[in-house]
Amino acid sequence: FASDTKDKLVDWMACDVDTSNMYDSGMLSDGRVVGMTQDWSSDTTAYQLIVLHRIDASEVKEKTVLTLACMGLDWSLRSKIVEYNKSNDQYRIQVVDYSEYATDDDYNAGITKLTTEIMAGNVPDILDLSGFSVSQLAGKGLIADLDSFFDADPDLNKSDFIPNVLSAFEVDGKLYSTVSNFNIQG
């Protein structure tokens, strides 16, 4: 406590554990880590006791790692990533949450770190733009105009989407981001 440093003991996502429904965890005297989750998405509540123990890195199947950068990971996306990582034999999504770099003195430290890394060539494969200023990233040339991807995709057309929704996300006439859903209240 005196040094005000942190050491990460467990990365639950790296262990394919969705902490959205975790309500207790702890460490056993032999170094194993335990956690208890509760899933009430069906008619009956399901409980799961999770026990983590160290294994040699050689025992882990090698996969292509895709990096997802974000500023805070919401429970829904976390759940989908864990489900994907559990079910895919070839690829694995690794999350880098830049909100962890924010401090009381510098709330924008995470955005600064991500911007610096992108400019240095360390570009994430996937960028969740929630919590980022799209116009700021676009203005620095750090993200691509999605129109070129629409043009190159034989199955996906901009005409498949509601034009007003896409145009609401344009910056200076270019589409740098879009949404997975939206609501209309009336």
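If we sort 19-32, 51-64 on the protection proxy, mean other Cβ atoms within 10 Å, highest first, what's the order?
19-32, 51-64
Determine which residues of the range 13-36 fall in the zone a paramagnetic label at S99 would reach in this model, i.e. backbone nitrogen under 20 Å from the point 7 Å along Cα→Cβ.
Correct set: 13-24.
Carbon and sulfur together cover what percent of the accessible area of the chain at a 1.4 Å probe radius?
The computed percentage sits at 49.
Identify all lysines with a Cα-Cα distance to K113 below 28 Å; exclude those on the same chain that are fewer than 8 residues away in sequence.
Filter leaves K6, K8, K63, K80, K140, K174.
Picking from Y107, S148, N88, whose Cα lies most toward the positive end of the charge dipole for the chain (charges on Cβ: Lys, Arg +1; Asp, Glu -1)?
Positive-end residue among those listed: N88.
If you fit an axis through the alpha-carbon atoms of helix 109-119 and take the longest principal axis of the Cα set of the chain, what angle between them do you get, 0 to 90°, nearest 10?
60
What shape does the range 78-119 have by the C-alpha gyration tensor, where a ≥ b ≥ c are the square roots of the eigenvalues, rounded means a/c under 1.5, and otherwise prolate means a/b greater than b/c and oblate the rest?
Oblate, since a/c reaches 1.5 and b/c is not below a/b.
So which aspartates and glutamates pass the test for K86, namely a Cα distance under 13 Å, with those fewer than 8 places away in the same chain ruled out?
Leaving aside aspartates and glutamates fewer than 8 places away in the same chain, those within reach of K86 are D16, D18.
In whole Å, what is the distance between the alpha-carbon centres of the range 129-179 and the range 67-119?
20
Accessible area per residue for the range 15-99 in Å², computed with a 1.4 Å probe and the full protein assembly in place, what is it?
On a per-residue basis, the range 15-99 sits at 69 Å².
Could you work out how far apart the two model spin labels at K63 and L28 are, taking each label as a point 7 Å from the Cα in the direction of the beta carbon, and quote it in nm?
Output for this residue pair reads 2.5 nm.
Which option, [x] 224; [y] 128; [z] 165, is the value of volume of the Cα convex hull per residue in Å³ that was calculated from these coordinates?
[x]
Nearest-5 percent of antiparallel DSSP beta bridges in the chain?
Roughly 60 percent of the beta bridges in the chain run antiparallel, per DSSP.
Given the range 3-61 reduced to its alpha-carbon atoms as identical point scatterers, what log10 I(q)/I(0) does the Debye formula return at q = 0.30 Å⁻¹?
Each listed q maps to, in turn, -1.30.
The values are calculated or read from the model by the stated rules, or taken from the named source; none is laboratory data. Predicted model, so just to flag it, every value in this text is computed and none were measured. Here the Cβ is made from the backbone with ideal geometry for all residues, glycine too, and neighbour counts use every protein chain on show. Keep in mind that these areas ignore ligands, DNA and RNA; they rest on the heavy atoms of the full protein, side chains included. Shrake-Rupley method; radii C 1.70, N 1.55, O 1.52, S 1.80 Å.
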